[in-house]
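This report refers to the structure that appears directly beneath it.
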Amino acid sequence: MELKILRSDDQVTYVALVGKLDLAGVQQIEMKFTAATASRRKPVVVDLSEMSYLASLGVRVLLSTARALSAQGLKMVLLNPQPAVLQVLQLGKLDSIIPVETDLGRALALCGVK
């Protein structure tokens, strides 16, 4: 699992998760992901287009980050999940808690970025 920081400024944090977010993937990126997202106290867009697998531990990471941001009045939006990853999000009803978008412009707009 790889975490790529695509944008990190005073308006938004835009990151990409690449690979499998399974036990090994969570162990590799959880602390970095939290530091790059919730700890910054900015809205977050997470690009999932290159995530090939999402396990329950990965769902926990996404959900805990979204909740931490929500407690600060901030949003997290998931962008372009692969079909298998989207299915996991839908089965776990995570897509009703964290918005899922297919367009970066709409994802940024949901985060309040102009």
Those residues of segment 35-47 which are among the polar types (S, T, N, Q) and modelled with pLDDT under 95 amount to S39
Across segment 8-30, the tally of residues that are open to solvent by 70 Å² or more (accessible area, probe 1.4 Å) and over 19 Å from Q72 (Cβ atoms) stands at 4
P99 meets each of (1) closer than 19 Å to L3 by Cβ; (2) within 11 Å of the chain's Cα centre (by Cα); (3) surrounded by fewer than 20 Cβ atoms within 10 Å (Cβ to Cβ) with one exception, condition (1)
Reported set for segment 86-96 where residues are in a helix (DSSP H, G or I) and surrounded by 15 or more Cβ atoms within 10 Å (Cβ to Cβ) is L86, V88, L89, L94, D95
Scanning segment 73-85 residue by residue, the ones that are surrounded by fewer than 19 Cβ atoms within 10 Å (Cβ to Cβ) and among the hydrophobic types (A, V, I, L, M, F, W, C) total 1
R60 vs (1) within 12 Å of the chain's Cα centre (by Cα); (2) of a type in the set (D, E, K, R); (3) more than 22 Å from M1 (Cα to Cα): all pass except (3)
Requested in this report: Test P81 against the stated conditions and say whether it is without any contact (Cβ under 8 Å) to a residue 60 or more places away in the chain and closer than 24 Å to Q27 by Cβ.
Outcome: yes
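The values are calculated or read from the model by the stated rules, or taken from the named source; none is laboratory data. Keep in mind it's a predicted model, so treat the numbers as computed, not measured. Glycine also receives a Cβ, built like all others from the backbone with ideal geometry; neighbour counts cover every protein chain displayed. Please note that ligands, DNA and RNA were not included when accessible areas were found on the heavy atoms of the full protein model with its side chains. Shrake-Rupley method; radii C 1.70, N 1.55, O 1.52, S 1.80 Å.
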